[in-house]
Amino acid sequence: MNVSPSKENILKKIRQALSHSTPLPFPQSEGNTSVFQPLQQEAEVEFAEQFTKLQGKFIYCLNRQELAFQLNSLIKKQGWKKVYCREEKLIELTGPQLTDSLTRTDLPGCDVSITGCEALVARTGSIVMSAAQESGRTVSVYAPIHICIAYSGQLVYDIKEALQNIKEKYGAALPSLITFATGPSRTADIEKTLVVGVHGPKEVYLFLVDV
């Protein structure tokens, strides 16, 4: 088959180009390094800033005694009558003041639910939870108000670290569900108007205990 001079010229240029490697125009875009800036401040401060930007309510506690005082004061101030919690360690932390309003069975009828978490992601202000927790899959979603109790040792900078910690904790028996909750539930699907509390809690409180 005869090849025209113009086509032969094009093929010649292609062969020449293939014989020489071309350097990557953007070598830093290959995913070898993080695209996010390193943490410039304490993880507690970064998380608090990001969490409150998303309408989350952040409460810092120096110890377990302050946690019990702050939590019970909040429940009393808000007038919550039914507090759902089934994580025994968290029930112990809240103290005897919560006994009268505590329920372990009536999730649909509760005013607020209390859970722990797997980790806190400082960069995004996210709470990481899993189905392996005593509270299970639904507690943080069905209650109109969600209170999460976490510890400073659970803070990580990014999502990657949170997932690595969960993998190390559970090994091959990974939880069937891992959830990243970033502030109260919200949607802007209806006429582009932001509505809070549509598919989950309308308010989220995070008590961070410094231990």
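Bear in mind that the values in this text are calculations on the coordinates, not laboratory data. Keep in mind that this is a model prediction, so the values were computed, not measured. Positions of Cβ are backbone-derived with ideal geometry, glycine not excepted, and every protein chain shown enters the neighbour counts.
Any of Lys53/Lys76; Lys53/Lys160; Lys77/Lys167; Lys76/Lys167 with alpha carbons more than 30 Å apart? Name them for me.
Beyond 30 Å between Cα atoms: Lys77/Lys167; Lys76/Lys167.
When you count, for each residue, the other Cβ atoms within 10 Å and take the mean per peptide, how do 82-92, 60-70, 164-174 rank with the highest first?
With the highest mean Cβ count within 10 Å placed first, the list reads 82-92, 60-70, 164-174.
Kindly write out, for region 134-144 in residue order, the coupling ³J(HN,Hα) from the Karplus curve 6.51 cos²θ - 1.76 cosθ + 1.60 (θ = phi - 60°), rounded to whole Hz, with x marking Gly and Pro.
In residue order, the calculated couplings are 4, 6, x, 7, 9, 4, 6, 9, 6, 6, x Hz.
Where Lys and Arg each count +1 and Asp and Glu each count -1, what net charge lies around His20 among other residues with Cβ under 15 Å from its Cβ?
Here the count lands on +3.
Kindly give Rg over Rh for region 40-209, based on alpha-carbon atoms, with the Kirkwood expression for the hydrodynamic radius.
0.95
Evaluate the Debye formula for region 47-120 with equal point scatterers sitting on the alpha carbons, no solvent, and hand back log10 of I(q)/I(0) at q = 0.16, 0.22 Å⁻¹, in q order, two decimals.
Relative scattering, expressed as log10 I(q)/I(0), comes to -0.64, -1.14.
Within 12 Å, Cβ to Cβ, of Cys148, how many net charges do the neighbouring residues add up to if Lys/Arg are +1 and Asp/Glu are -1?
After counting each charged neighbour, the total is -2.
Excluding Lys160 itself, calculate the net charge of residues whose Cβ lies under 11 Å from the Cβ of Lys160, where each Lys or Arg counts +1 and each Asp or Glu counts -1.
Value of the local net charge: 0.
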